[in-house]
């Protein structure tokens, strides 16, 4: 059969070859190089192969453990809150009876277009000791002394979580909203004829219909949270102590703040890769289509 | 027809790909050619430098360029300004990748990074040992630049510390200038309590996430977070123990206003919330920003620790100029730095007058510029005081793992402030540091 190399096939390959070459060169080649780098250790430009030494070091590294715990905390607390919030907001914004829909949608999506650094700086100033929040709370006599939010390990984490939630909820909401608009209204009509309440409709129709989108947003949010960097660096710079430091910030510190050890930094990066892969796999298993 | 189209498409895509490669190559070569040409025609008279503050260290280079060009007509200096972190990242990535192109001839290095760079990137920085008479500089500054008997740069600005204070607040609390000379930190805390009680103002600011104060305390006792051979210096170190005792004392006594960042810190004294600021000499510029407080400020030596050998002088920050060993204009760059920043009193006088920068060049200390009095500081000859203290600063080796050690300390600091056993905490810090550095 000569159909293997027929015209349309050849055409297809022509389109594919250029992007493939570019991806190979700019994406896969650096990945392999950094994998090789993760087996080396040293300082600056003096490196030697240590085999799996860096990976062994990971498990006895208290800073790394702290960074992973912090990051997982953000993940476990923040991602579910954000996704649920996004879902609920999307549901309300999709109600046909709602007035000024465009205004609300814009208002809730707007945080997503702000730059990561600038909104982080804003949050920092809001939660500063002299910040607007403390002044507000003091003027309504909820507190007498200003609270040093960013110097308390628990509050500092709460601030980070609040900041990320503010920034990304609207982003996820847009996905849900567009998916909801694709649900045939006749399904709801049929459900209400059968006597299903609005709440029942939400949990039995909307959520199951949105399952692939929820899965998608869960995976990208997980991925995003594991790579969290800008917010933490700008709001708390990892402090107080190292109680808000994320894995990405630790990688940055290893490369640029401490005596540079790019080998070990690459190892930590691969730890993130493995974690993202495992979590995505789990989420697919739990929430994915059964075949 | 379709076939023709697809062939055309393929050809054009391949061509554009090749063209892209070709053009990038050719542009590269012309760039190189141009660089070589310009280097040739001006007979290597142009030097490139990286610095991070156009109104301070960048401006200093401009002064130096003017001075050097008088003797060496045709000399040209290009100062590339970028943010400090950008500069450090760029240098790190370039050196780690082994790429020398695009790096400057002269680069500004923050003093705590000196040993890190020299050890992590061997044979990268030029040796200045015989090029500059280092006896003319404050010893502690030269100590920071010396690694294995070689001096790797030209000392630049210093951060000799002083205790800036609001004389009006302290007078209100019943303290005169002489009550603040040569005191200990314990006395400082007692004064702070009285100030807080009588004026309602805080004595200082505190930020557990910033190591400035602990660094100042350690150096005033002649010690540092790490030993000269890069081991943790937390356990069995009386200076470290006393530093943390004082730190906890300041925190516990309630005389310090908590701040979470640099702008809040500066804001606290500009707004008149605190009575004293213990900081480097470069803080003068920020203090003088509050024009309405003119005449109300004075400066005294910092308090001292309660340990053997501790002095009322320390240092915070400061930087030095390095020359890259592989640069094309290495000799010219060395000569330029050695003849200006390395030996010219005129340079330091102008740098102080025009930019308020204080150097560590001892011959310049007796000049007119350094003996000027400041109206803002109630007619005090602040610069001559600072330079006097700068000669008392204990020389220490900053080592290459300062940042790692600071982070290990930061990790445990909340526990220490909450009253955990200090000996145990110091052992924890030491252990954490050793795990970090391997």
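Read the figures in this text as sums done on the coordinates, not as results from a lab. As the structure is a computational prediction, the values presented were derived from the model and not from experiment. Glycine also receives a Cβ, built like all others from the backbone with ideal geometry; neighbour counts cover every protein chain displayed.
Between residue A:209 and residue A:14, the C-beta separation translates, for a Förster distance of 45 Å, into a calculated FRET efficiency of about 0.70. Subtracting the Cα-Cα distance of residue A:140 and residue A:69 from their residue separation scaled by 0.36 nm leaves 21.9 nm.
Note on the range A:144-291: semi-axes of the ellipsoid equivalent to its C-alpha gyration tensor, largest first and rounded to whole Å, are 39, 22, 11.
Dividing the summed -39500 (n - 2.57) terms of all DSSP H runs of n ≥ 4 by the residue count of chain A sets its mean residue ellipticity at 222 nm at -21000 deg cm²/dmol.
Applying 1/(1 + (r/R0)^6) with R0 = 41 Å to the Cβ-Cβ distance of residue A:121 and residue A:99, what FRET efficiency is obtained, to the nearest 0.05?
0.75
Taking a cut-off of 23 Å, what percent of all Cα-Cα pairs in chain A are separated by more than that? Counting pairs separated by more than 23 Å, the tail of P(r) holds 68 percent. Ranked by how many other Cβ atoms sit within 10 Å of their own Cβ, fewest first, the residues A:247, A:143 fall in the order A:143, A:247. From the alpha carbon centroid of the range A:1-74 to that of the range B:377-409 is 44 Å.
Can you pull a Stokes-Einstein diffusion coefficient for the range B:360-399 at 20 °C (1.002 mPa s), Rh from Kirkwood over Cα pairs, as a whole number of µm²/s? For these conditions, the coefficient is 190 µm²/s.
Ranking A:286, B:437, B:323 by Cβ neighbours within 10 Å, fewest first, what do you get?
Working: A:286 9, B:437 18, B:323 29.
Going from least to most buried by this count: A:286, B:437, B:323.
All C-alpha pair distances within the range A:96-182, sorted into 5 Å bins from zero, spread as 3, 13, 17, 18, 15, 13, 11, 7, 4, 1, 0 percent across the bins. Please give the Cα centre distance for the range B:336-371 versus the range A:168-196, rounded to the nearest Å. Distance between centres, Cα-based: 73 Å. Placing pseudo-labels 7 Å out from each Cα toward the beta carbon at residue B:148 and residue A:187 gives an inter-label distance of 7.1 nm.
If you sort the three axes of the alpha carbon gyration tensor as a ≥ b ≥ c, you get a/c of 1.5 or more for the protein assembly as shown and a/b no higher than b/c, which makes it oblate. Mean-square fluctuations from a GNM of chain A, with a 10 angstrom spring cutoff on Cα atoms, peak among A:133, A:22, A:75 at A:22.
Comparing B:223, B:314, B:374 in a Gaussian network model of chain B where C-alpha atoms under 10 Å apart are linked, the largest mean-square fluctuation is found at B:374.
Plainly put, the range B:221-349 has a radius of gyration that is 1.06 times its Kirkwood radius, both from alpha-carbon atoms, as the Rg/Rh ratio.
Counting only DSSP H runs of at least 4 residues, each contributing -39500 (n - 2.57), and dividing by the residue count of chain B, the helix-based mean residue ellipticity at 222 nm comes to -14500 deg cm²/dmol.
Overall size of the range B:303-404 from C-alpha positions, given as principal axis extents largest first: 48, 38, 20 Å. Panel order for A:31, A:95, A:275, by other beta carbons found within 10 Å of each beta carbon, from fewest to most: A:95, A:31, A:275. How many percent of the alpha carbon pairs in the range A:239-291 exceed a separation of 18 Å? In whole percent, the share of Cα-Cα pairs in the range A:239-291 beyond 18 Å is 50.
Grouping the Cα pair distances of chain B into 20 Å bins from zero gives a pair-distance distribution of 23, 50, 20, 6, 1 percent in increasing distance order. Fully extending the segment from residue B:331 to residue B:346, taken as 0.36 nm per residue of separation minus the present Cα-Cα distance, adds 3.1 nm. Residue separation of residue B:85 and residue B:353 scaled by 0.36 nm, minus their Cα-Cα distance, works out to 93.7 nm of gained length. Within the listed set A:137, A:24, A:226, the Gaussian network model of chain A (springs between alpha-carbon atoms below 10 Å) gives the highest mean-square fluctuation for A:24. With each label modelled as a point 7 angstrom along the Cα→C-beta vector, the residue A:106-residue A:274 pair spans 4.9 nm. At q = 0.19 Å⁻¹, what log₁₀ I(q)/I(0) does a Debye calculation on the Cα points of the range B:114-242 give, no solvent, two decimals? Result of the Debye calculation: -1.14.
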